[in-house]
Ligand SMILES: [Zn+2]
């Protein structure tokens, strides 16, 4: 695959709104910066970011530099949480999560906003760039961290960039087995995985079936959203939609009884193929999707204590 140059639509480059009605105080996504991170992470030089590889370490270095430059506070020294993994060939490998935080006035309950940054690497000489899966969610979480570093939230928000999702949710499981904060303080998880390929201008939010208290907030978010936000994919045989709960890092939170909302798109023809490239992404729709998610996170932060019960 060749690296191509990407031209940002003018509306994005200038940061002009796309016509969405954002609630006041909601994060303003730096779309140019997000697009730059997205294309950097999805470049051939990152070699598909497979856990334990040089390309994965390069991607991690990029994330740490970005967070440092934006003055985002590290949650753990140097932003990195190492974990041991035994994977396939039984040799021990090192997995590394990248963790940062924006402290709120209320630190008693925490929201974890997450995305996995790893992908499946190089296969038969072909780089699997994993642009949608999940350079898209990673760059979105970076942009959110950048915004919240300068505009502190009401409740503390942890920005978790997980490694080893493709190897079986390894990073999120390690995070929850050795949590850097007491587990009972984590009120909710918002997980982003595949948020760029809005081929039908449609984004899904899963989680409101097991955690119905999210439904009104998601409905409010959907009303003003510049994309079609659909709820579902969160229980067996739900009107023919596949159950996605176990499909990404939200499963690790769900297994610990932590409520989650997962944002993502349905599988597309490039899913887990070497053609999941940045040039197949419509920048305007990707930014619109992230704005929608940012609005939801803002609403959740504002109303966390009313919405999410204290039950653990
Ligand atoms: Zn993924």
| request: For region 142-163, indicate whether the set of residues that are within 16 Å of the ligand (Cβ to nearest atom), on the phi > 0 side of the Ramachandran plot and outside any helix (DSSP H, G or I) is non-empty. | output: no
| remark: residue 78 meets each of (1) touching a helix residue (DSSP H, G or I) at 6+ places or on another chain (Cβ under 8 Å); (2) more than 27 Å from residue 227 (Cβ to Cβ); (3) modelled with pLDDT of 95 or more; (4) surrounded by 17 or more Cβ atoms within 10 Å (Cβ to Cβ) with one exception, condition (4)
| Positions within region 96-141 being outside any strand (DSSP E or B), touching a strand residue (DSSP E or B) at 6+ places or on another chain (Cβ under 9 Å) and away from the ligand (no atom under 16 Å from the Cβ), in sequence order | 103, 104, 105
| note | Of the residues in region 213-253 that are within 16 Å of the ligand (Cβ to nearest atom) and at pLDDT 95 or above, the one that is nearest to residue 185 (Cα to Cα) is 253
| message | If I go through region 1-53 residue by residue, how many of them are outside any loop (DSSP other than H, G, I, E, B), over 15 Å from residue 128 (Cβ atoms) and at pLDDT 95 or above? | response | 10
| Is there a residue being part of a loop (DSSP other than H, G, I, E, B) and under 18 Å from residue 291 (Cβ atoms) anywhere in region 181-189? | no
| request: State yes or no: is residue 167 within 16 Å of the ligand (Cβ to nearest atom), in a loop (DSSP other than H, G, I, E, B) and over 27 Å from residue 226 (Cβ atoms)? | output: yes
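The values are calculated or read from the model by the stated rules, or taken from the named source; none is laboratory data. Quick caveat, the model's predicted, so the values are computed rather than measured. Positions of Cβ are backbone-derived with ideal geometry, glycine not excepted, and every protein chain shown enters the neighbour counts.
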